[in-house]
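The structure appears below as structure tokens.
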Amino acid sequence: MNVITKTSVNKYLDKDVHWHPQSQPYASGHQLNSKLNNGWVIDNIVFRTEHRVQVTHRRITFYVIVLIKDGEKLNMPVLANPFVDRVVKEAGVKIFTVERHNKHLVPSKSKKQQELAIAN
């Protein structure tokens, strides 16, 4: 796994940023990178899901990344952005797209459902 190294553009990445599932529902790319810098590795499978917020219909995409260190496993939901997309792609893992239901979020329509809605 290639961990992003410090450059003039991303020099802030050398500072660890703590994340714990009981304090934050989703992690950032910075928090993911901190875990990777501290010896955690990405498991072979990553889950990707996309939702629409009911009120605004804004799409939210995130990954659920399983991290492993010393036999311990940690599920880390990470909000998607270009940095996180690149980390997942470079990890060479299998990505499974899943739908998740939440009372505040609505699963996004599938491509087929979108085509049917446009046709009607």
Please go through the stretch 18-49 and give me each residue that is hydrophobic (A, V, I, L, M, F, W, C), within 24 Å of Glu99 (Cα to Cα) and in a strand (DSSP E or B), ordered by number. Ala27, Ile42, Ile45, Val46, Phe47
Every pair of residues 6+ apart whose Cβ atoms lie under 9 Å, when the first sits in the stretch 50-77 and is without any contact (Cβ under 8 Å) to a residue 24 or more places away in the chain while the second is basic (Lys, Arg) and not in a strand (DSSP E or B): Val64/Arg100
Just to verify a result, which residue in the stretch 64-95, among those that are part of a helix (DSSP H, G or I) and of a type in the set (Val, Ile, Thr), is farthest from Ile42 (Cα to Cα)? Val84
Of the residues Arg100, Arg52, which single one is modelled with pLDDT under 85 and part of a loop (DSSP other than H, G, I, E, B)? Arg100
Looking at the stretch 38-74, which of its residues are out of contact with any strand residue (DSSP E or B) (no Cβ under 9 Å at 6 or more places or on another chain) and either over 24 Å from Asp16 (Cα atoms) or surrounded by 15 or more Cβ atoms within 10 Å (Cβ to Cβ) (or both)? Val55, Thr56
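The values are calculated or read from the model by the stated rules, or taken from the named source; none is laboratory data. A quick note: this is a predicted structure, and the numbers were derived from the prediction, not measured. A quick note on method: Cβ atoms are made from the backbone with ideal geometry, for glycine too, and the neighbour counts reach across all protein chains shown.
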